[in-house]
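Asks: Sharing a structure with you now.
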Amino acid sequence: MKKQSGQVLVSGVIMITLLFLAVLYIFDIHNVIRAKLKVETGLQSSALTGAVWQRNSLNLIGEINLFKACSALLEGEDNWNVPLPQVPENPVTPEDNEQIEKRRQALQGRVDLLTEMQTRVAFIGPLIGFAAAQQSAKANGLPAADSKAMINYLERVSTSYRYRSELGGADDVINNYRWREPYISLLQEIGARGLAVYPNVRTARGPVVSPPELADEGFYKTIMNHVREIEAEDPPRQSSWHDSLYKFAKDYRKWSQPYLYSKWWNIDFSLNKFPNESEILTLGVRNLFSPFSGYSTFDDRNFNISNHLLRALDKASADVRDSVYKSMKELPDNVDMKWFCYDESWYPEYYRSVEEDYDQYHYNYWFNKQVLRKKVKKQYRFEGPAAYMESCDVNLDRVVRQRVNRNRRGGILTGVGVNSTLVGPKHLASTESESYATDYRPGSIAKTLGELSDNNPPIAIPLVMPVFDKVVIMPTYMPIPYGFSVLRIYESNLEKFLEWLAPQDSLRNSKNPLPPGCEHYLEALKHLIERDDFLNYGFNPDCNVRVDENMLKKWDRIREKYVYCKKNKKGMGWLQEPRVCRDPEDKYKSRREQIVEVPDLINGGIAKRIYISYDSGEYYVIDSKGRLVTNDDVDPTIRYGAGYPSGPGTEEGFGHHRDTPDLDKGPVRL
C-alpha cells in the first residue's frame with residue numbers, strides 16, 4: 001500500500017491543470033491579463049520618458065547657470081564671437097565711463113542671451129518629453145485617442161485671459177523669447193497624431209485647497225444628505241457623522257460661529273499663475289529667487305553656494321574653477337544675472353505655509369517612515385516636478401469563446417461571444433472630470449531625483465544645478481505634487497466654483513456672480529456655516545444632558561426629549577447620543593436581566609450593558625469608569641479584528657483577535 005500512495009495526487013494535479021487551462025480558454029482570461037500588463041507597461045514607459053526629459057531640461061538649465069557663475073566663461077573671449085569693450089584700470093574721463101557702460105551692456109547682453117536659452121529649454125524641453133511619451137505609449141500598445149483634450153487646451157491658450165498680456169495674463173515675450181507661436185505649433189503637431197496618454201499640467205485647475213474637503217465632490221453631497229435628514233423631522237433620525245463633516249462638528253472651538261462667518265478657506269492659485277514655462281510636465285523654475293529658499297540674492301552664505309558650484313565644476317579646468325563668483329561683490333557691476341532658480345513648488349516650507357495639515361497627512365506620512373519601510377533619504381526630501389501619465393479611455397474586447405445560447409432544445413454552451421469593457425479614467429464629460437484629490441490616480445508617476453554633495457537635496461541652494469541623475473517610478477499610491485491637474489477635455493463645475501470662491505471674503509456677501517451650475521455648492525456651504533441650524537446636530541458644545549442607567553432602559557421612548565433640535569438647544573448632537581451596540585458573538589443572549597456586567601476590554605474593570613429590551617441583541621454601554629459610550633466611541637466590551645466589527649482605529653486585524661482597538665495616532669499599522 002505504501003508503494004501506491006500518492007497516485008491520486010498525480011491525477012489530481014493533472015485534472016486541476018486541465019481545468020485551469022479550460023477556464024483560460026473559455027473566458028480568455030489571458031487576454032485580459034495581457035491587456036492589463038500592456039496598459040501598465042505603456043503608462044510606466046511613458047511616465048519614465050517624460051521624467052527623463054524633465055531631468056535633461058533641468059540639467060541643461062543648470063549647466064547654463066554654471067556658465068553664468070564663472071567669470072572665465074561669461075567674461076572670457078573664447079566662447080563669444082564679439083569681444084567685450086576694454087575698460088581702463090583707473091577711469092577718470094567721461095569717455096572712460098562711457099566705455100564702462102558699453103562693457104556693462106555687452107555683459108548684460110550675454111546674460112540675457114543665456115537666460116533666453118534657459119527659457120527656451122523650460123518651454124520646449126518638457127514638450128519634447130510629452131511627444132516622446134506619446135511615442136513610448138504607442139510603441140507599447142496603447143492606442144491613440146482623439147485630441148479633444150489638446151484642442152480644448154490650445155483654445156484656452158489662445159483665448160483665456162490667463163495667457164493674454166492685454167488681459168493681464170502671460171507676457172507675449174518672456175526673457176526675449178516669443179513663446180506663444182512655437183509652443184502652440186509644437187502642441188498642435190503632437191495632438192495631430194492623437195494622444196495615447198494624458199500628462200500632468202499646471203493650469204488654473206489645481207490650487208492648494210484648505211480645508212481639503214472643499215475640493216471633494218462628496219463633501220457637498222454629505223452636507224446635503226444631513227440637511228435633508230434635519231429637514232425631514234425635528235428632532236431628526238440621523239445617519240453617521242463619522243464622515244467629512246466630523247472635524248467641523250467636533251472641533252467647535254475652531255469652527256465657531258464667528259469663525260464660520262469669516263473667511264475660513266484658503267484656495268491658493270499662486271502655483272497656477274502662468275509659470276512662464278511649459279504648463280505640460282512643468283519643471284518649476286524661474287529666473288527669480290523663491291522666498292522659501294532662504295535666499296534673496298546671490299550673497300553667498302558661508303560660501304554655501306560657491307562650494308556647490310565648485311563641486312559641480314569638478315571636471316572643469318583650474319582656471320574655470322577659480323573664476324567662480326562667490327558673492328554679490330564679485331559679480332559684474334549693475335548686471336542682472338537672472339539666475340534660474342527653483343520656484344515654490346519644490347519647497348516643503350511653501351506647502352506648510354498654505355496647507356495646515358501638510359506635515360501630518362503628507363510630509364510625515366510619506367517621508368518620515370509612517371508608511372514606507374524606511375525614512376526617505378534626506379537628499380530626496382523635496383517636492384518639485386513629476387511626470388504623470390494617464391491612459392485615454394480604451395475599449396477592451398474580451399473574447400468569450402463559449403456562451404449560453406438558449407433555443408427550443410434548452411440552454412447549451414455554443415458559439416463565441418465578445419464582451420467590450422471600457423478601461424481607463426473618464427475624460428469625456430464635465431461631470432466625470434476628476435477633482436483635486438492628490439493621493440491616488442489611475443496612472444503612473446515618475447520623478448527626477450538628484451542631490452548635492454554631502455547628501456544635500458538640490459534645494460539646499462536656490463540655483464538650479466546640473467545634479468539630476470536618476471529617474472524612478474514612484475509607488476502608485478504616493479501623493480502627487482500639489483497644484484497638480486491632468487490634461488482633459490472639460491472643466492468641472494467644482495473647479496469653476498473654487499475659482500469663484502478663492503477671492504471671496506464671506507459666503508454671506510459675495511463679490512462676483514456665481515458661475516452657472518455651481519449653485520448647489522454654495523447652498524451646501526451656506527448650511528455648513530450655520531452652527532446652530534446645522535453643525536450642532538452633529539455635536540452640540542452647549543449640551544447639558546446626563547444619561548443614567550434608568551434613562552437608557554427606556555431611551556428609545558424618551559430620546560426626543562434629550563437630543564438637539566430647534567426647541568432644545570441644550571440637547572445632544574448625534575456624536576453625543578448613546579451608541580447602539582451589538583455583540584457579534586452574542587455571548588449573553590440567554591440572559592434574564594436587562595442590565596449585564598461584562599469585562600471592559602479597553603479600560604479594564606467591569607462595564608455595563610443596558611439592553612434595549614429583554615429579547616433584543618442591541619444594547620447601550622456604560623464603561624468601567626461610569627462614562628456613557630456615545631456614537632463617538634467604540635464599544636469597549638467586544639473584540640476587534642478579522643471577523644469582528646470595525647470602529648474608529650480598529651480596521652487592522654490580519655487574521656487574529658485584538659483585545660483592544662488600535663487607537664494609536666497616524667496611519668494604520670502595516
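Asks: Suppose we keep only residues that are in a strand (DSSP E or B) and under 18 Å from P348 (Cβ atoms) within segment 262-293. Which one would you say is most open to solvent (accessible area, probe 1.4 Å)?
Replies: Per the criteria, the residue is N266.
Asks: List, please: which pairs have Cβ atoms under 6 Å, are six or more places apart or on different chains, and start with a residue in segment 208-221 that is over 18 Å from L507 (Cβ atoms) and end with one that is part of a helix (DSSP H, G or I) and β-branched (V, I, T)?
Replies: V208/V354
Asks: Looking only at segment 508-529, filter to residues that are in a loop (DSSP other than H, G, I, E, B) and in contact (Cβ under 8 Å) with a residue 24 or more places away in the chain; which one of those is surrounded by the most Cβ atoms within 10 Å (Cβ to Cβ)?
Replies: I529
Asks: Looking at (1) open to solvent by 60 Å² or more (accessible area, probe 1.4 Å); (2) in a helix (DSSP H, G or I), find the lone condition where Q86 falls short.
Replies: The failed condition is (2).
Asks: Which pairs do you get when a residue that is closer than 16 Å to D632 by Cβ, found in segment 236-259, comes within reach of a residue that is of a type in the set (D, E, K, R), reach meaning Cβ atoms under 6 angstrom, with the pair 6+ apart or on two chains?
Replies: That search, which allows pairs on different chains as well, returns Q238/E229; S244/E213.
Asks: OK, next. Among the residues of segment 145-154, which ones are open to solvent by 60 Å² or more (accessible area, probe 1.4 Å) and either at pLDDT 85 or above or hydroxyl-bearing (S, T, Y) (or both)?
Replies: If the condition is that a residue be open to solvent by 60 Å² or more (accessible area, probe 1.4 Å) and either at pLDDT 85 or above or hydroxyl-bearing (S, T, Y) (or both), then I151 is the only one that fits.
Asks: Please go through (1) part of a helix (DSSP H, G or I); (2) of a type outside the set (A, V, I, L, M, F, W, C); (3) open to solvent by 10 Å² or more (accessible area, probe 1.4 Å) for G50 and return the number of the only condition it doesn't satisfy.
Replies: G50 satisfies all of (1) part of a helix (DSSP H, G or I); (2) of a type outside the set (A, V, I, L, M, F, W, C); (3) open to solvent by 10 Å² or more (accessible area, probe 1.4 Å) except (3).
Asks: When you scan segment 251-260, do you find a residue that is touching a Phe, Trp or Tyr at 6+ places or on another chain (Cβ under 7 Å) and of a type outside the set (K, R), even just one?
Replies: Yes, some residue in segment 251-260 is touching a Phe, Trp or Tyr at 6+ places or on another chain (Cβ under 7 Å) and of a type outside the set (K, R).
Asks: A follow-up question, please. Can you tell me how many residues within segment 155-175 are more than 26 Å from the chain's Cα centre (by Cα), of a type outside the set (G, A, S) and either at pLDDT below 80 or over 13 Å from E277 (Cα atoms) (or both)?
Replies: Final tally of qualifying residues: 6.
Asks: Might you let me know whether segment 553-563 holds any residue that is open to solvent by less than 80 Å² (accessible area, probe 1.4 Å) and outside any helix (DSSP H, G or I)?
Replies: The answer is yes; a qualifying residue exists.
The values are calculated or read from the model by the stated rules, or taken from the named source; none is laboratory data. For clarity, every value in this text was computed on a predicted model and none was experimentally measured. For neighbour counting, all protein chains shown are included, and Cβ atoms are generated from backbone atoms with ideal geometry for every residue, glycine included. Accessible surface areas use protein heavy atoms only, side chains included; no ligands, DNA or RNA. Shrake-Rupley method; radii C 1.70, N 1.55, O 1.52, S 1.80 Å.
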